[in-house]
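The values are calculated or read from the model by the stated rules, or taken from the named source; none is laboratory data. Everything numeric in this text was worked out from a predicted model, so none of it was measured. With ideal geometry, Cβ positions are generated from the backbone for all residues, glycine too; neighbour counts draw on all protein chains shown. Ligands, DNA and RNA are excluded from the accessible area calculation, which covers all protein heavy atoms including side chains. Shrake-Rupley method; radii C 1.70, N 1.55, O 1.52, S 1.80 Å.
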Amino acid sequence: MNNYLIIDTEEININRIKKVLDDFPEFNCVDCDYDYFEPIDVILKNTPDLIFLNLDTILDNPFNLVNEVEQYLKKDYEFIAISSSKEKTYEAIKTGFFDYLLNPITELDIRKAALKFKKKHPNKISKTICLKSYKDYQYLNADEILFLKADNNTTDFYMNNGHTVSAFKTLKTFELILPKNFLRIHKSYIINKNYVNRVNYGTLNCTLKKCLKKIPFSKTYINNVEFMINTLSQTSVLGLS
């Protein structure tokens, strides 16, 4: 989970950033602050991984803030500058800011910045999946997930304890962030290959431990099925044909 903080007095910017990053389950907003008198206190209180900072309305020198934060936090966080001035954004990059957004900021530019951050910090993805719905946060251990099933624009998580948890995101969203042991085998299904105990090419389905339901796979995702079989075969003690 990557926690981010927005220090900005422009509500349109805050709403736009939150709207875009809500599409990324691995991003979590810890605060949106309108007070520029003590930004260092807000940052140290939340210890975010990513900080959006509007350079135009902060009272003190924003570039001194980077140096000050460096004294107290580990160097695994990033600043993204927001400004109407190209000169300020260029200065921000020279000072050590990770990226910048020119006002008026667009959803496309925010999305590019988020993907750029993810590319630089791939290890932030963990085995804990956070499902967000408004102010409700639910955390799932990926090792306890049997499979995921698409249901229109929502996704159902089937757990090894028999429970089902629903998330208001598409299956594609989770396909991009799940650990490598999760494979999409059908337009509506992603399975945890660690629970697979049978793959039947005749009926085009597979069965999972702790699950009575047979999970279908399709020819569209046959490469993933074959990859799964090959990796599982490598860990098998004995194979008979």
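Can you tell me which residue is most open to solvent (accessible area, probe 1.4 Å) among those in segment 81-101 that are more than 20 Å from ASP23 (Cβ to Cβ) and aromatic (Phe, Trp, Tyr)? Taking the candidates together, the pick is TYR90.
Screening PRO104 on (1) open to solvent by 80 Å² or more (accessible area, probe 1.4 Å); (2) within 16 Å of LYS18 (Cα to Cα); (3) part of a helix (DSSP H, G or I) shows it passes everything except condition (3).
For segment 144-241, list the strands (runs of 3 or more DSSP E) that sit wholly inside it and hold at least 3 residues that are surrounded by 12 or more Cβ atoms within 10 Å (Cβ to Cβ); which are they? By residue number, 145-151, 154-159, 164-167, 182-186, 189-192, 205-208. Quick one: would you say THR57 is of a type in the set (Val, Ile, Thr), surrounded by 14 or more Cβ atoms within 10 Å (Cβ to Cβ) and part of a loop (DSSP other than H, G, I, E, B)? Here the answer is yes, as THR57 does meet what is asked.
No other residue among LEU183, LEU208, LEU148, LEU204 is free of Cβ contacts under 8 Å to residues at least 24 places away in the same chain and aliphatic (A, V, I, L, M) apart from LEU204. VAL20 meets the conditions (1) at negative phi; (2) open to solvent by 40 Å² or more (accessible area, probe 1.4 Å) in every case but one. The failed one is (2).
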